[in-house]
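**Q** Take this structure first; my questions come after.
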């Protein structure tokens, strides 16, 4: 007596001895799909928006790579190293000075990049809202003329 069982998509057959033998199941190949042509952005705003998104993402990654520490905390760590004899006072002051200078340069660079992104975003938003603003202004003029 042979009993057939279905498990995980493959048919198995139980033999008299109780052992199972796998029976191959023919699989159909999926029909080949036609490649659809990709749509190219027709508007200028679409490409600038993608560029802005990419710039914002780069700015975010830049922020994530940086570490912010207060000057006071750095001073405490350096003072502790000097007190324990790990470094000289002049080396500690030089190290602290260099770290602060680098931090300021990075901060200035990030702020400059942020200002550039904000300026670009304002320009993009202003460009998109300009036609609507013009229509509203013209409608207001027409309304005023009718009231006179």
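The values are calculated or read from the model by the stated rules, or taken from the named source; none is laboratory data. The shown structure was predicted, so the numbers you read here are calculated from the model rather than taken from an experiment. Every residue, glycine as well, gets a Cβ built from its backbone with ideal geometry; the counts of neighbours run over all protein chains shown.
**Q** Across the range 117-138, what is the total count of residues that are farther than 22 Å from residue 67 by Cβ and in contact (Cβ under 8 Å) with a residue 12 or more places away in the chain? Explain how you work it out, then say what you get.
**A** The first filter runs over the range 117-138 and keeps only residues farther than 22 Å from residue 67 by Cβ, leaving 118-138.
In the following step, the residues that additionally are in contact (Cβ under 8 Å) with a residue 12 or more places away in the chain were identified as 120-121, 124, 127-128.
Adding up the residues that qualify gives 5.
**Q** Could you please find all residues in the range 43-75 being touching a helix residue (DSSP H, G or I) at 6+ places or on another chain (Cβ under 9 Å), farther than 23 Å from residue 119 by Cβ and either at pLDDT 95 or above or in a helix (DSSP H, G or I) (or both)?
**A** 71, 74, 75
**Q** Have a look at 38, 145 and point out the one that is modelled with pLDDT under 90, assigned to a helix (DSSP H, G or I) and surrounded by fewer than 10 Cβ atoms within 10 Å (Cβ to Cβ). Lay out the reasoning, then the answer.
**A** On the way: 38 fails: assigned to a helix (DSSP H, G or I).
The unique qualifying residue is 145.
**Q** Does residue 106 satisfy the criteria of being surrounded by 10 or more Cβ atoms within 10 Å (Cβ to Cβ), assigned to a helix (DSSP H, G or I) and without any contact (Cβ under 8 Å) to a residue 40 or more places away in the chain? I'd like the intermediate steps shown before the answer.
**A** On the way: surrounded by 10 or more Cβ atoms within 10 Å (Cβ to Cβ): yes; assigned to a helix (DSSP H, G or I): yes; without any contact (Cβ under 8 Å) to a residue 40 or more places away in the chain: no.
So residue 106 does not fit the description; no.
**Q** Consider residue 13 carefully, then state whether it is at pLDDT below 75 and in a loop (DSSP other than H, G, I, E, B). Step through it out loud before you land on a result.
**A** Working: at pLDDT below 75: yes; in a loop (DSSP other than H, G, I, E, B): no.
Taking the combined requirement at face value, the residue does not satisfy it.
**Q** Hey, does the range 76-84 have a residue that's more than 30 Å from residue 55 (Cβ to Cβ) and in a loop (DSSP other than H, G, I, E, B)? Let's see the steps before the verdict.
**A** To start, the set of residues in the range 76-84 that are more than 30 Å from residue 55 (Cβ to Cβ) comprises 76-84.
Cutting the leftovers down to in a loop (DSSP other than H, G, I, E, B) gives us 84.
Yes, the range 76-84 has at least one match.
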